[in-house]
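The next block holds one structure in the form of structure tokens; read it before the comments.
The values are calculated or read from the model by the stated rules, or taken from the named source; none is laboratory data. Remember, predicted model here, so these are calculated numbers, not experimental data. Don't worry about glycine lacking a Cβ; one is built from the backbone with ideal geometry, like all the others, and counts go over all protein chains shown.
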Amino acid sequence: MNCVRFISILFAITLLAACSDTEQKVSKEEAANFSTSLENDVKNLKIDFLEKNIIPAAFLKRLYEAGDLKPSSRMEVEMKKMIGTNQNEKNIYEIMGGKGAFKKVKQYEKDGSQHIIYRISGAGGFTYMDTELTRFKQQLGIADIFLFNTGENLSASVADLMKKLLSHEQSAVAQTLSARLTRISRHLKNTDYELAKTEFDRLPYDIRNNRLYEMRYLEILSHLDEEVYKEYQEKIEAKYAADPGFQLMMIDVYLNQQKFDKALGSINQIDSVINKDPFL
């Protein structure tokens, strides 16, 4: 047997074995202590407070299930690379601004797993995230995160995006796509929203039709033409009207448009899911 092929097969078998190891239950007390530690990391502005606490094997297991994907070493590398950008942490600090808050609002158990909901608020608005905790090989950490601004688990969003990116891997647009995504990140970092929009508009339809990218595109449009923004907002509103996460994002939009009845409806829908947050 070819030596390289044998090593690849052996690595894949090892990865499968790692992903099949049993996760252990986390107690209420352990979850509470973990939450305190996480909140302290945010107070100290740690840039990797999510990256270091996400358990790769547990997250990959959920990613594979969500996307109906086969386990692979490539997927593990791409997942770690994506989380390693610390983009989720940066988004949270951006919402908080200089004087915002990252606060635990609820701890509960679902299907045997401890969950903690956090409210992130500040100059950039507010949102929530729901962390599912687990223990794997003595490490207590995060198995998945439900992001209220996308209305789905991070594992599902990443799985969807990876499937679409991999589908273009063998095509002629693969290299162009990679360069375009890099330019989008750079333009957003430099607040060059017009250039970012131009690059977004050139992405393949299936890539643009991803929740993470749709919400980011809506954010870009909010800095540009108001009519185009409203048109896209109405399109997304019709698509995700039933999702509390989308309602969360729409509160500021409704208030700015003086649609106070819709803003109140969004607040009530979110509060029914959080059950209850005095902040609302």
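Assorted remarks:
- In the set 106, 99, 80, 90, only one residue is surrounded by fewer than 17 Cβ atoms within 10 Å (Cβ to Cβ), assigned to a loop (DSSP other than H, G, I, E, B), on the phi < 0 side of the Ramachandran plot and not acidic (Asp, Glu); that residue is 99.
- The residues listed here are 94, 30, 76; of these, the one that is of a type outside the set (S, T, N, Q) and modelled with pLDDT of 90 or more is 30.
- Within segment 69-95, restricting attention to residues that are touching a residue at least 40 places away in the same chain (Cβ under 8 Å) and under 20 Å from residue 146 (Cβ atoms), the residue that is nearest to the chain's Cα centre (by Cα) is 88.
- Restricting attention to segment 20-67, the residues being in a helix (DSSP H, G or I), among the basic types (Lys, Arg) and within 19 Å of the chain's Cα centre (by Cα) number 2.
- Residues in segment 220-235 that are surrounded by 11 or more Cβ atoms within 10 Å (Cβ to Cβ), under 23 Å from the mean Cα position of the chain (by Cα) and in a helix (DSSP H, G or I): 220, 221, 229, 232, 233, 235.
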